[in-house]
Amino acid sequence: MNNTRGFYGVEILNGTKVDLLPPRSTAMSLFDVPEEVLNARPQGAKDFDFLQGRWLIHHKKLAERLVGCQIWHEFKTPAANQLILGGLGNIDHCRTESGEFFEGVSLRLFDKSVGLWRIYWMDTNGATLFPPLEGSFSGAIGLFRGNDHHNDIPVLVEFRWDKTNPESPTWQQSFSADNGVTWEVNWYMSFSRLPA
């Protein structure tokens with residue numbers, strides 16, 4: 001018997017191609033999560049469900065951080081977000097479409113044991129995983145904090161999500177070099193949902 005397992009759910013059995021997957025109209029896509037799995041999640045694990053889909057992000061980013069800079073750069077990027085791990089996490093990416101290439105990726109994971117989210121960031125500036133920020137939502141506002149370094153200076157980093165309008169949420173990033181006594185906002189993002 002000559003059996004060969006191929007790609008995309010096709011198996012060759014004695015020279016005959018056999019489809020192992022149901023027809024495309026009923027096949028589950030790679031990232032679909034069954035409704036009963038989504039509904040069984042803890043309430044906190046649903047905090048970022050609003051972010052699924054495709055977006056256009058308007059960025060307003062401070063040119064330099066923690067030096068009293070008043071110069072802001074503004075640009076737009078497309079972005080996409082997808083649930084992973086049965087809805088206990090999600091991943092998104094955004095990238096520039098002109099000028100110098102840049103791509104950034106966020107990985108968010110919900111820790112059921114403590115009821116908190118951890119948010120990891122990576123980008124093409126170094127392709128390394130930044131230290132996670134940890135936190136949760138209270139109503140429409142999500143606050144996430146963690147420790148990092150900026151130009152060899154230890155900083156406390158804060159992400160603030162506002163999903164008051166889930167069709168146009170906002171995000172901002174702030175740094176504190178004095179352990180949270182004072183904060184400087186250095187990056188704003190305003191999201192506009194794109195058609196599916």
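The set of residues in segment 53-104 being surrounded by 15 or more Cβ atoms within 10 Å (Cβ to Cβ), without any contact (Cβ under 8 Å) to a residue 40 or more places away in the chain and of a type in the set (S, T, N, Q) consists of T77, N81, T96. Considering (1) outside any strand (DSSP E or B); (2) at negative phi, the lone condition that G86 does not fulfil carries the number (2). Looking at segment 91-101, is at least one residue in the same structural domain as M189 (by TED's automatic domain parsing), hydroxyl-bearing (S, T, Y) and either modelled with pLDDT of 95 or more or in contact with a Gly (Cβ under 8 Å, 6 or more places away or on another chain) (or both)? No: zero hits. Of the residues that sit in segment 24-61 and are aliphatic (A, V, I, L, M) and under 21 Å from the mean Cα position of the chain (by Cα), which one is modelled with the lowest pLDDT? Out of the qualifying residues, it is L30.
The values are calculated or read from the model by the stated rules, or taken from the named source; none is laboratory data. None of the values given here were measured: they were computed from a predicted structure. Counting neighbours? That spans all protein chains shown, and the Cβs are built from the backbone with ideal geometry, glycine included.
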